[in-house]
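The values are calculated or read from the model by the stated rules, or taken from the named source; none is laboratory data. The structure presented is a predicted model; accordingly, all values stated were derived computationally and were not measured. Cβ atoms come from the backbone with ideal geometry, glycine included; neighbour counts cover every protein chain shown. Just so you know, the surface numbers come from the protein's heavy atoms only, side chains and all, with ligands and any DNA or RNA stripped out. Shrake-Rupley method; radii C 1.70, N 1.55, O 1.52, S 1.80 Å.
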Amino acid sequence: MPNFRWPRPATDPDIGGPASAAGERLRARAAAIPRPRPELVGLMVLAAVLYLWALDQNSWANEYYSAAVRSMSTSWHNFLYDSFDPNGVMTVDKPPLGLWVQALSVRAFGYHPLSMLVPQALMGVASVALVYDLVRRRFGRTAGFVGGLVLALTPVTVAISRHNNPDAMLILCCVAALWFVVRGLEDGRTRWLVLAGVSVGLGFETKMSAALLVVPALVAAWLWVAPRGRLAALRQLFAGGVAMVVVGGAWPLLMALTPAANRPWISGTSDNSILSLILNYNGVGRLDGQAGGPQAVGGGGGGIRGGGLFGGSAGPLRLLNETFGGQAGWLLGLALVGGIAVLVASRLRRSDARSGWLIATGGVFLTTVVALSVAQGIIHPYYIAQLAPFTAALVGAGAAQLLTGDRVARVLAPLAVAAGVAAELVVLDNNPGQLTWLVPVLVGVGVLTAAALAVLSRGRLRAAVLGGALAALLVAPASWAVDTLGHPTNGTFPAGGPITSGIGQGPGGRGGPPGGLAGRPPNGFGPPPGLGAGAPAAPGGGAPAAPGGAGGFPGGGASAGARGGMAGGPGGGPFGADSGSLKQVLQYVNAHGGGTIAVSSQQGAASQIISSGANVAGIGGFSGRESVVSVSWLANAVQSGQIRWVLTSDATARGPRADGRVGSSRAMAAVARTCTRVTVPGSATTGTAGGAASSTITLYDCQGHAAALRAAGK
């Protein structure tokens, strides 16, 4: 019987029917998808290695935020209202977006340090990718690679990406806003400005006013280029501004509309107002010298050499000093001259696509430089992380411009190399003992490459010489970036580089006994390697005396320095002396009816929240000095059952500190006058004769005393 074959259907791909056409469309779309560029893949792999390698050694990083994440992950009410403590008494002193990401990760993967830190690392990788494309779009793939590489190897970027402070999210939002504007300058579509506004709004929900530093330059760039005309540009900017306000104002509006009795007290304020947090503590107060800044606490000398907890005195050379410089100041000179090269080449002509890019990117760079240089309020060295991506972008763009070999490039290229070498020599001089062998190498390579770049025109040889100069200038930051992986990056003040580069022990003797403050790693205020949250402080530890307290750093209690211990560890610390007594107090409270314990410092309560989810609320704010809760509010919290117990300390009962902040001292004093005093057995101490002596802890039971407490506050 002959073989019989059914006729093919009209949709058979082999005979060109509809299925064939659909397949062709799918193949065409697949071919149109951009393939990953190898240099971008390499950058992302490098960043992932730097940001994820041995990440678990950082433990809980900043215990303040780790405690808040635990509290926020246990209750949607705490999650929504940014509560620091499990009972929803006080908020964190920052908006919640960065912590929301970590809390959601904890809900998905469990409460573990890596659940919080891995998302941070991925944000850092995303920022590197965005900087690459930001530069590539205007100056080519090589320039994009240089920009991404500089950001990936910036020491403070490595530290922040391995830490749970909200700065990784802030940086990603700011870079995304810049990327959207640069993208929008290409076709003039309004949607890009709207997306930029959303990004700034998300940054505001992460760290408030810090995100607004990018806005002036982005507005200026759009108005200057006006891709669809000036009138259209104004309408588009209005649309972007509306998006920014709606997104950035959503959570503050929620806090403003929620009755105070139904939400936590807003930490960092004296009036429980979200506007106070926005405008003062996290606003202009950071710039104009709010209490607690470098002018109030020994922040070190000014100029190039000064440093310390608050980055030293304000001045034009602050970003090269011993605390800022090693974190992200290495390539500032090169970035500045590179930006000038783009400026001279483009002459800011509206028809030149580089003009809008430079106004946006260079403008954000200069705005951030000025803000960090002149700030008189609370400013920490890791804040320079916000400058790092814009420095990197200018280095990449400048490298592309200086590679052209025209007359301007032959003049400015040697100046760029000289400025880069000079800045690095200043930073190295402010970090004695670091990379001493590199100084003659930088000088030699700088002289040779500057001379060659002055005479060589466009070509492979010029590219090789410029590449050699960049490689030499990247040695120091790359070395510090890798060094960051060799020790924990934890505590309140994350720092990149070798272990001696951080707060507590560093070049120039920036404070602290050998081995770091109170046995903590010098790069931060966290537990020593190998010890978990709440682990005992190293024997013999103790914080050096400082204004604002009899012992320890500002915010520490009268005996904080004598007992030893640091932030969150037993024995108190630089940000409150409550935690040393909490373990014994918690045992007593659990045996006598339970209830939330109010202490002065949130940081002092952090370790107990981390380790056991204890109901401990720090009513004085982060260090016990930022939040001035009213006595009537405390009475209401007692009456509603939110707070029952109050653990006072000498530090909080004495009244105003040296910098004028009173914290919870007034509320604590009212508690001491009205509530029932309870004596709790403490841990054994060493007597004068060397024998063991029993200490006691004073605790107050405020149950049933709300009316008396309220009367005491009038």
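Per-structure values
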quantity: Segment residue 464-residue 107, extension gain: residue separation times 0.36 nm, minus the distance between their alpha carbons; calculated: 123.5 nm
quantity: Pairwise label distance in nanometres, residue 679 with residue 447, each label 7 Å out on the Cα-Cβ vector; calculated: 7.6
quantity: Within-15-Å neighbourhood charge of residue 37 [Cβ basis; K, R +1; D, E -1]; calculated: +2
quantity: Potential extension, residue 26-residue 189 segment - 0.36 nm per residue separation minus Cα distance; calculated: 55.9 nm
quantity: Distance (nanometres) between label positions extended 7 Å along Cα→Cβ at residue 587 and residue 242; calculated: 6.2
quantity: Phi to ³J(HN,Hα) by Karplus 6.51 cos²θ - 1.76 cosθ + 1.60 over segment 627-637, Hz, x for Gly, Pro; calculated: 9, 10, 6, 7, 5, 5, 4, 5, 4, 5, 5
quantity: Order of exposure, largest accessible area first, which applies to 244, 169 with probe 1.4 Å; calculated: 244, 169
quantity: Interchain or long-range residues, amide H under 5 Å from residue 697's placed H; calculated: 680, 682
quantity: Whole-percent carbon and sulfur share, accessible surface of segment 127-171, 1.4 Å; calculated: 58
quantity: Approximate spin-label separation residue 479-residue 352, in nm, with each point projected 7 Å along Cα-to-Cβ; calculated: 3.7
quantity: Cβ-Cβ FRET estimate between residue 231 and residue 612, R0 fixed at 56 Å, reported to 0.05; calculated: 0.35
quantity: Reachable aspartates and glutamates, given that their alpha-carbon falls under 18 Å from the alpha-carbon of residue 94 and they are not under 8 places away in the same chain; calculated: 63, 82, 85, 167, 205, 271, 626
quantity: Hits among lysines - C-alpha to C-alpha of residue 583 under 26 Å, sequence gap 8 or more where chains match; calculated: none
quantity: Alpha-carbon spread of segment 430-484, three principal axes, descending order, Å; calculated: 38, 20, 14
quantity: At R0 = 30 Å, FRET efficiency that the Cβ-Cβ distance of residue 256 and residue 220 yields, to 0.05; calculated: 0.45
